[in-house]
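Let me begin by presenting the structure, written as structure tokens, before commenting on it.
The values are calculated or read from the model by the stated rules, or taken from the named source; none is laboratory data. For clarity, every value in this text was computed on a predicted model and none was experimentally measured. So basically every Cβ, Gly included, is an ideal-geometry build from the backbone, and we count neighbours across all protein chains shown. The area values use the complete protein model at the heavy-atom level, side chains included, leaving out ligands, DNA and RNA. Shrake-Rupley method; radii C 1.70, N 1.55, O 1.52, S 1.80 Å.
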Amino acid sequence: MSELKTGDPAPTFKLPADGGGEIDLADLRGKTVVLYFYPKDDTPGCTTEAIDFTGKHEDFEQANAVVIGISKDSVKKHDKFKAKHDLAVRLVADEEGEACEAYGVWVLKKMYGREYMGIERSTFVIDPEGKIANVWRKVKVKGHADAVLEAVRALA
């Protein structure tokens with residue numbers, strides 16, 4: 001599969017979400033969706049990223065945007081993570097990796113000379129028509145939520 005780029009239709013998914021229930025991307029048409037993929041709940045970078053997006057939760061809402069974090073962690077882990085850090089973002093459990101594959105974020109990674117498959121920290125802004133409006137790959141957490149909010153506001 002080729003890498004997603006601006007203007008491509010956003011791959012749809014229906015996955016279990018924190019707090020029970022599901023999130024179906026198709027149900028969010030008409031809103032801007034910030035979809036951020038992260039490696040693992042309750043790790044330093046992932047926690048900082050979730051807290052940064054939570055801190056801007058009202059700003060995203062004012063811009064008619066919903067922020068959704070996706071990892072391969074279970075709903076149970078997501079619920080603990082949200083409660084521990086009082087997170088306002090929705091978290092989706094992609095335990096089978098369907099969305100990770102569709103968005104091209106399940107990649108070969110290297111650390112300390114070891115190779116393994118994992119989630120590349122990436123963010124996609126999906127416009128109200130369901131098309132990819134912005135893509136960030138290999139995200140550095142510091143300042144990222146601000147950059148995403150700026151991009152979302154530019155769509156309005």
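For first residues located in the range 5-29 and open to solvent by less than 30 Å² (accessible area, probe 1.4 Å), partners that are at pLDDT 95 or above and among the hydroxyl-bearing types (Ser, Thr, Tyr) and lie 6+ apart or on another chain with Cβ distances below 6 Å form the pairs 25/12.
Once the range 44-91 is narrowed to residues that are of a type in the set (A, V, I, L, M) and out of contact with any Leu (no Cβ under 9 Å at 6 or more places or on another chain), the residue that is surrounded by the fewest Cβ atoms within 10 Å (Cβ to Cβ) is 83.
Which residues, counting only those in the range 92-121, are open to solvent by less than 100 Å² (accessible area, probe 1.4 Å) and charged (D, E, K, R)? Residues satisfying the conditions are 94, 109, 120, 121.
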